[in-house]
Amino acid sequence: MVVGDDRDRFGQRVTGSGTVTYTDVHVPDERVLPYATRYPYQEQYYRTFMHAVLVGIGRAALRDGVAALRVRARGHRNGTADRPTTRNSSAWWAPSPRRCERRTPRSPRALGRSTPVDRHTALRVAGADPAGDSVLRDLLERSWTAVAQTQTVVTDAVLDATTVVFDALGSSGTFLSLGLDRHWRNARTLASHSPRVHKRRLVGDLLMNGASTLDR
């Protein structure tokens, strides 16, 4: 197996997302799964994992930004205080990733409560027919909607946090030695895999017009 370092993106450069070439690898027929036959809630799991990564990026931006701000002795001449830590304290915490951390557990299992995906899976294991069971379809749609709504909150909060860090620090935040741009680049690239604008449209169409998100 050869992993090619050919990912042409400005973020996620070390995620192994480039070309992978396999040579002389035997794949049994039963291991070849057409996309359409895979479990219908796979997007919910994939997207939830990406939400967790985005939250991690937001926390890293907060950590690094606070550390850089604390060592600054001089504030901006248009600021309201001599110390930049005083001037930026309220503005810094407002867009912090903490509010999206509270939102993220709505999609995975949280607080000991089962989610629509959990209940959907349990019914499938119990033998429910995915083609004709209205309860299964309802749970699948509810799980997709919850994850889509979570995505818009998490993406907005983290992209905001990775931008505000530069407002807090001023021009010193652009020092290459700090590398703060990597947080925005990684968050922006990750969030672009499935743009939140489409999720908002689909959820809005469901809420306003009753259009199913499963028929998208």
Would you check if Asp8 is part of a loop (DSSP other than H, G, I, E, B) and closer than 23 Å to Ala191 by Cβ?
yes
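Which residue, of Ala211, Ala110, is at pLDDT below 90, among the small types (Gly, Ala, Ser), surrounded by fewer than 18 Cβ atoms within 10 Å (Cβ to Cβ) and in contact with a helix residue (DSSP H, G or I) (Cβ under 6 Å, 6 or more places away or on another chain)?
Values: Ala110 fails: in contact with a helix residue (DSSP H, G or I) (Cβ under 6 Å, 6 or more places away or on another chain).
On inspection, the qualifying residue turns out to be Ala211.
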Does Arg47 meet the test of being under 24 Å from Asp156 (Cβ atoms), at pLDDT 75 or above and exposed (fewer than 15 other Cβ atoms within 10 Å of the Cβ)?
no
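Of Gly18, Gly11, which residue is modelled with pLDDT under 85 and either more than 30 Å from Val117 (Cβ to Cβ) or out of contact with any Lys or Arg (no Cβ under 6 Å at 6 or more places or on another chain) (or both)? Steps first, answer last, please.
Details: Gly11 fails: either more than 30 Å from Val117 (Cβ to Cβ) or out of contact with any Lys or Arg (no Cβ under 6 Å at 6 or more places or on another chain) (or both).
Only one candidate qualifies: Gly18.
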Filtering helices (runs of 4 or more DSSP H) wholly in segment 108-197 for at least 1 residues that are over 23 Å from Pro40 (Cβ atoms) gives 134-169, 181-191
Residue pairs qualifying under the 8 Å Cβ cut-off, at least six apart or on distinct chains, with the first in segment 190-212 being under 30 Å from Gln12 (Cα atoms) and the second being part of a helix (DSSP H, G or I) and among the basic types (Lys, Arg), are Ser194/Arg47
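Taking segment 20-38, which residues are part of a loop (DSSP other than H, G, I, E, B) and either among the aromatic types (Phe, Trp, Tyr) or surrounded by 10 or more Cβ atoms within 10 Å (Cβ to Cβ) (or both)?
Looking only at segment 20-38, we keep the residues that are part of a loop (DSSP other than H, G, I, E, B), and these are 22-28, 32-34, 38.
Of everything in segment 20-38, just one residue is part of a loop (DSSP other than H, G, I, E, B) and either among the aromatic types (Phe, Trp, Tyr) or surrounded by 10 or more Cβ atoms within 10 Å (Cβ to Cβ) (or both), namely Tyr22.
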Would you confirm whether any residue within segment 11-24 is small (Gly, Ala, Ser) and in contact (Cβ under 8 Å) with a residue 24 or more places away in the chain?
yes
Given (1) in contact (Cβ under 8 Å) with a residue 60 or more places away in the chain; (2) closer than 16 Å to Thr152 by Cα, Leu62 misses just (2)
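The values are calculated or read from the model by the stated rules, or taken from the named source; none is laboratory data. Every value quoted in this text rests on a predicted model; they were computed, and no experiment measured them. Neighbour counts are summed over all protein chains in view; Cβ atoms, including those assigned to glycine, are modelled from backbone coordinates with ideal geometry.
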